Amino acid sequence: MRIVCLAAYRRLACALVVLAVACLSTAQVHAQPTGLPSMGAASTSDLSPALERALGDLIIAQGRRDPTYLHDAEINQYLNDMGHRLARHAQGPAPFVDVFGVLDSQFNAFALPGGYIGINTGLIVQSETEAELAGVVAHEIGHVTQRHIARGMTQRRQSDYIAMASVAAALLAALAGGVDVAAGIAAFGQAAAIDQQLGYSRDAEREADRVGFHMLTKAGYDPSGLQSMFAKLMNSAQFNMGRGAGNSYFSTHPLSIDRMTDMQNRTKLLPRSEFQSSDAFYYVRARSLVLQTRERDDVARVVDRLQDEGRRSSGAPRSAAWLALSELAMQRGQFADAQRFFGYAQKGVPDSPFLQRQGAALALASGDANRALTLSRQALARWSDQISLVEIQARAMQALGQHAQAARFLAQQVQRWPTQAPVLYQLMAINYSDANEPAAARRAMADYYILTGALPAALAQLQQAREMSQDFHEQSRIDAEIVGVRERIEQERALLRKFGA
Ligand SMILES: [Zn+2]
């Protein structure tokens, strides 16, 4: 969303623009796009879908170690389910999308190369309905399906691309340093200096609106979600005008009025939607508010807001507010309050994995691991597709010293989610470590690092595992894994060289 995804981007979002530009500098220096470049132009250029995906993998690998990347199974699974539901209705084959939360209270969302889509917690918190949030996700998927990054559909002129390419090179060089998180952040910070100057072209925005609207409608969400999000953005733009450069965009881009009119016209043509926000939306929204709240002053403000909502509203919004308050109290070690708020949250709503996870987490945090295990087992029997419940059950088993059982349980679960939940490998490593199987522990950590993109760290773990192992067959397997990781590191280096880093 031009106004959304490029208004105030920092860190990850900068990488999008910088890399979009880097791609251009390599692939399309002589072909400044005007209007809409054809879809074919991108696929025949240097930036093939496979290369774009490889670049996206590289960026997200760094991004996952950024402190603002949200490592929360509940929220990320919700966002991903929403993304997949929308992407299934894309025209043509469903694109790869991976939607993740970003801990940032600013209203923002962005698409990175390769189908990675970041949604700020601030955007989730400010969504009034699920359809508004889905509208933004659909718009971002629109940028993905239309390959706007690869097609170079940004607003800058060619001379700027070349200038930006040198920034991209600096960014990638810093990222290529690999495990040094601090350097990675510094690199994203440097890129922030140029963030306000770039964006998708107006044509790209319209196209993303159009295909996003199609997906939103076909997936069964209220099609007015996009339009009401636009209205909200424009109001917030007026409200924020002059306060922070990120929002100055709005004052100079009246096109968003055209876009809103366009969405209004499209919505009018459709029958009135019966769509209602799911309960999950309210729980995810309230949880996002709690997770993005760090400062002491903010906590007091958020507590007031949630208590007000808990008293004023009914149904899932009321329950979600109390559940979020319970989470906040638990984080601060106030277990009696956390339990009381949890009791309020359970009243008058159907049971849900969100409630059950909090019940188990609360039991675990207050030292009753037996109860945590019982609750998480019961919940998982009912909602077997919830990674957050798997996580809490494994933690409860570990707290009870049931490491062998936890190891078996986790081994089953990683078969189901081989790549979606890196934390499961971390938990496995703890089991192996406690069971005095140091080589296996290191291999599990290597899997964790591979999934989170820290390849040099993965290599180090595998090398240690190789030295510790006494078993010939295991050594052979580790050797093969080492070769695989080395190849991937080499591929990454080649990619970085290709883009000038
Ligand atoms: Zn956009």
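The values are calculated or read from the model by the stated rules, or taken from the named source; none is laboratory data. All figures in this text were calculated on a predicted structure; none of them were measured in a lab. Neighbour counts are summed over all protein chains in view; Cβ atoms, including those assigned to glycine, are modelled from backbone coordinates with ideal geometry. Note: areas computed on protein heavy atoms with side chains; ligands, DNA, RNA excluded. Shrake-Rupley method; radii C 1.70, N 1.55, O 1.52, S 1.80 Å.
Assorted remarks:
- Candidate set from the stretch 429-442 (those that are open to solvent by less than 20 Å² (accessible area, probe 1.4 Å) and under 29 Å from the mean Cα position of the chain (by Cα)); member that is farthest from A399 (Cα to Cα): A441
- Any hit, the stretch 398-412, residues being small (G, A, S), open to solvent by 70 Å² or more (accessible area, probe 1.4 Å) and more than 20 Å from the chain's Cα centre (by Cα): no
Results for (1) over 30 Å from P317 (Cα atoms); (2) in contact with a strand residue (DSSP E or B) (Cβ under 6 Å, 6 or more places away or on another chain); (3) open to solvent by 10 Å² or more (accessible area, probe 1.4 Å); (4) at pLDDT below 90, shown as yes or no for each residue.
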position: G118; (1), (2), (3), (4): no, yes, no, yes
position: G135; (1), (2), (3), (4): no, no, no, no
position: R147; (1), (2), (3), (4): yes, no, yes, yes
position: A163; (1), (2), (3), (4): yes, no, yes, yes
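- Conditions (1) touching a residue at least 12 places away in the same chain (Cβ under 8 Å); (2) hydroxyl-bearing (S, T, Y); (3) farther than 27 Å from M445 by Cβ: number failed by T374: (1)
- Subset of the stretch 250-269 that is open to solvent by less than 30 Å² (accessible area, probe 1.4 Å) and in a helix (DSSP H, G or I) - its residue that is modelled with the lowest pLDDT: F250
- Unique match (being over 13 Å from L323 (Cβ atoms) and part of a helix (DSSP H, G or I)) among R305, R294, R285, R272: R305
- Condition met for V167 (at pLDDT below 65, away from the ligand (no atom under 16 Å from the Cβ) and not in a helix (DSSP H, G or I)): no
- Listed by first and then second residue, the pairs with beta-carbon distance under 6 Å, at least 6 apart or on different chains, first residue in the stretch 94-115 and open to solvent by 10 Å² or more (accessible area, probe 1.4 Å) and of a type in the set (D, E), second within 16 Å of the ligand (Cβ to nearest atom) and modelled with pLDDT of 85 or more, are D98/Y116; D104/N120.
- Verdict on A379 being closer than 18 Å to R287 by Cβ and either modelled with pLDDT of 95 or more or not in a loop (DSSP other than H, G, I, E, B) (or both): yes
- Residues of the stretch 72-86 classified as more than 17 Å from V423 (Cα to Cα) and surrounded by fewer than 23 Cβ atoms within 10 Å (Cβ to Cβ), total: 3
- Among the residues making up the stretch 328-359, those that are open to solvent by less than 20 Å² (accessible area, probe 1.4 Å), among the small types (G, A, S) and over 15 Å from Y282 (Cα atoms) are A329, A338, G359.
- Residue among I124, I141 that is more than 15 Å from the ligand (Cβ to nearest atom), assigned to a helix (DSSP H, G or I), open to solvent by less than 10 Å² (accessible area, probe 1.4 Å) and closer than 20 Å to Q77 by Cβ: I124
- Restricting I478, I392 to residues that are under 23 Å from N370 (Cβ atoms), crowded, with 19+ Cβ neighbours inside 10 Å and in contact with a Ser or Thr (Cβ under 7 Å, 6 or more places away or on another chain) narrows the list to I392.
- Matching residues, the stretch 445-501, being part of a helix (DSSP H, G or I), over 22 Å from W417 (Cα atoms) and of a type in the set (F, W, Y): F472
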